[in-house]
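Read through the structure below, which is laid out as structure tokens, and then see the notes.
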Amino acid sequence: MSHTPFILASYLISAAVLLWAALSPMFSQRALLKQLKNRQAHMEKEQ
Amino acid sequence: MNRFILFFHNTGSPPWFYRFSGKLIPWLWLGFAVLTVIGLYMGLFLAPPDYQQGESVRIMYLHVPAAWLSMMIFGLMAIMGFIALVWRIRVMEVLMISSAPIGAAFTVIALITGSLWGRPTWGTYWVWDARLTSELVLLFLYFGVIALYNAYDEPRKAARAASLMAIVGVVNLPIIHYSVLWWNTLHQGSSIGTSGSGIHPSMLWPLLIMAIASKFFYGANLLSRARLQLLKQDHRKRWVRELL
Amino acid sequence: MTPTRKRRLIAVLVIIVGVGAAATVAIKSLNENMLFFVSPTDVEEQSLPAGKRFRLGGLVAGGSVTRDSEGLAVKFVVTDGLASVDVIYDGILPDLFREGQGVIAIGELHPDGHFNAAEVLAKHDENYMPPEVADALEKAGHTNASDGQ
């Protein structure tokens, strides 16, 4: 049995899982900061 | 104040933690990147195939570090949960709950790579032996901690409940570790123990480097998740407004 | 029900379901697989009934493997040093299958005493080394690492 597909699948799946783990908080942080900044700008305009 | 106590005190302060971790994260990612490049090069190109498993031994460089880390993170969560429950340090609560998705991710990696190694080596993707089953239970415990935390509106109460579950769930760790000794399992015993290692140095070095690299990943990822969590909780507080 | 109470209720349910699922899986595994496999000695002592499915674990006895001239059928002896069981298997063997290797055969005893395997798994041990090192060890007269524990 050739082992290559199993090794390849292991590395690809692990990379995908780690990429998700690393990127998801970065994207959420960016979105949250943007949202907070917008709100702040909005509030300052009202004052 | 003594420098150590000052550090401890500061760590408990969200604005200070936010600033400090922001400076630390790039260095942790750098450490992870450098070690991973070295470890993968050694593991995939320099290390020889195994005399029995052939090339599929290369899956070990992912599987073993992920499995180690999946257990270590749960143990740390129990310790952080304990500190959070007793001293009510909010940053500790945030660190505890931010660890859970990372631990779950590494458990998933350990289970999938183990399964992909098992097919060519054992002849099966999965068996219900004590080692594999207890590692699957660990994944459910991570999901349980996350679900319990999300079931509460109030983050501090949520963290206390989740901490309690992490502390209770820690009984699973010795079961995972000793399963291969206590019961007949398909999974082999530990290669690395107090009596030395059953792994040839040419394979052991890439394995250890990958194991250290995975800890850097955990550190960097944990801090960015904890920062996000703090921002969410404190978005109405002054330090966040000043930050913007 | 107030939203807070509803959340608490959900939390409690999540705990019950989670712990319940974990306990079920654990008990299932402990009952069935506390002994993931039985040894040839167990088979001899316990006189297991024919036709009951179980897992037989042990080492493939040296020189015992005979393959059918046509087809995939293979006969070998599984031993634990004290007792041994004849195994007949018709199917694809895992790569690691060889004489002296630890294996787990899943199947049932035939009334005449041999074991009909439906599936054969190879057990790996905790030693990892390059082929040259394994050869050198064997030449030096060390027991082959695949002899198992």
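The values are calculated or read from the model by the stated rules, or taken from the named source; none is laboratory data. Please read all numbers here as calculations on a predicted model, not as lab measurements. Methodologically, a virtual Cβ is constructed for each residue, glycine included, from the backbone with ideal geometry; neighbour enumeration extends over all protein chains shown.
Check whether at least one residue in the range A:36-44 is more than 8 Å from chain B (Cβ to nearest Cβ), of a type in the set (D, E, K, R) and under 12 Å from the mean Cα position of the chain (by Cα), and report yes or no. There is no residue in the range A:36-44 that is more than 8 Å from chain B (Cβ to nearest Cβ), of a type in the set (D, E, K, R) and under 12 Å from the mean Cα position of the chain (by Cα). The residues listed here are B:LEU141, B:LEU148; of these, the one that is part of a helix (DSSP H, G or I), free of Cβ contacts under 8 Å to residues at least 60 places away in the same chain and either within 12 Å of another protein chain (Cβ to nearest Cβ) or among the hydrophobic types (A, V, I, L, M, F, W, C) (or both) is B:LEU148. Do we have any residue at all in the range B:103-118 that's within 11 Å of chain C (Cβ to nearest Cβ), over 24 Å from A:VAL17 (Cβ atoms) and of a type outside the set (Lys, Arg)? There is no residue in the range B:103-118 that is within 11 Å of chain C (Cβ to nearest Cβ), over 24 Å from A:VAL17 (Cβ atoms) and of a type outside the set (Lys, Arg).
Matching residues to (1) within 11 Å of chain C (Cβ to nearest Cβ); (2) not aromatic (Phe, Trp, Tyr):
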{"position": "B:PHE32", "(1), (2)": "no, no"}
{"position": "B:MET42", "(1), (2)": "no, yes"}
{"position": "B:PRO49", "(1), (2)": "yes, yes"}
{"position": "B:PHE74", "(1), (2)": "no, no"}
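Residue selection: C:LYS52 fails the criterion of being of a type in the set (Lys, Arg) and either surrounded by 13 or more Cβ atoms within 10 Å (Cβ to Cβ) or more than 18 Å from the chain's Cα centre (by Cα) (or both). If we keep just the residues of the range B:120-131 that are at the interface with chain C (Cβ under 9 Å from one of its Cβ atoms) and in contact with a helix residue (DSSP H, G or I) (Cβ under 7 Å, 6 or more places away or on another chain), which is surrounded by the fewest Cβ atoms within 10 Å (Cβ to Cβ)? Among those that are at the interface with chain C (Cβ under 9 Å from one of its Cβ atoms) and in contact with a helix residue (DSSP H, G or I) (Cβ under 7 Å, 6 or more places away or on another chain), it is B:TRP128. The criterion of being aromatic (Phe, Trp, Tyr), more than 15 Å from the chain's Cα centre (by Cα), farther than 24 Å from B:GLY114 by Cα and surrounded by fewer than 21 Cβ atoms within 10 Å (Cβ to Cβ) holds for B:TYR152. Only helices (runs of 4 or more DSSP H) whose full extent lies in the range B:1-119 are considered here, and the ones with at least 2 residues that are at pLDDT 95 or above are B:14-41, B:60-87.
Could you tell me whether the range C:79-88 includes any residue that is at negative phi, at pLDDT 85 or above and in contact with an Asp or Glu (Cβ under 7 Å, 6 or more places away or on another chain)? Within the range C:79-88, one or more residues are at negative phi, at pLDDT 85 or above and in contact with an Asp or Glu (Cβ under 7 Å, 6 or more places away or on another chain). For first residues located in the range B:157-184 and within 17 Å of B:THR107 (Cβ to Cβ), partners that are of a type in the set (Asp, Glu) and lie 6+ apart or on another chain with Cβ distances below 8 Å form the pairs B:ILE176/B:GLU135; B:SER179/B:ASP129. None of C:GLY100, C:GLY107 is surrounded by 17 or more Cβ atoms within 10 Å (Cβ to Cβ), within 16 Å of the chain's Cα centre (by Cα) and either more than 23 Å from B:GLY114 (Cα to Cα) or among the small types (Gly, Ala, Ser) (or both) except C:GLY107.
Yes/no per residue for (1) under 30 Å from B:ALA158 (Cα atoms); (2) touching a helix residue (DSSP H, G or I) at 6+ places or on another chain (Cβ under 8 Å):
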| residue | (1), (2) |
| --- | --- |
| B:LYS23 | yes, no |
| B:LEU46 | no, yes |
| B:ALA66 | yes, yes |
| B:TRP87 | yes, no |
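Quick one: is B:SER134 of a type in the set (Ser, Thr, Tyr), at the interface with chain C (Cβ under 9 Å from one of its Cβ atoms) and part of a helix (DSSP H, G or I)? Yes, satisfied. When we screen B:ILE97, B:ILE109 for residues that are buried (at least 24 other Cβ atoms within 10 Å of the Cβ) and closer than 30 Å to C:GLU119 by Cα, the only hit is B:ILE109. Scanning the range C:26-47 for residues that are modelled with pLDDT of 75 or more and either of a type in the set (Val, Ile, Thr) or part of a loop (DSSP other than H, G, I, E, B) (or both) turns up C:PHE37, C:VAL38, C:SER39, C:THR41, C:VAL43. Which of the residues that make up the range B:200-209 are within 12 Å of B:PRO65 (Cα to Cα) and either away from chain C (no Cβ under 14 Å) or free of Cβ contacts under 8 Å to residues at least 40 places away in the same chain (or both)? Within the range B:200-209, B:LEU204, B:LEU208, B:ILE209 qualify.
Applying the criterion of being β-branched (Val, Ile, Thr) and farther than 30 Å from B:TRP87 by Cβ to the residues of the range B:158-211, the residue that is surrounded by the most Cβ atoms within 10 Å (Cβ to Cβ) is B:THR185. Scanning the range B:218-239 for residues that are more than 9 Å from chain A (Cβ to nearest Cβ) and not in a helix (DSSP H, G or I), we see that the one that is farthest from B:MET92 (Cα to Cα) is B:ARG236.
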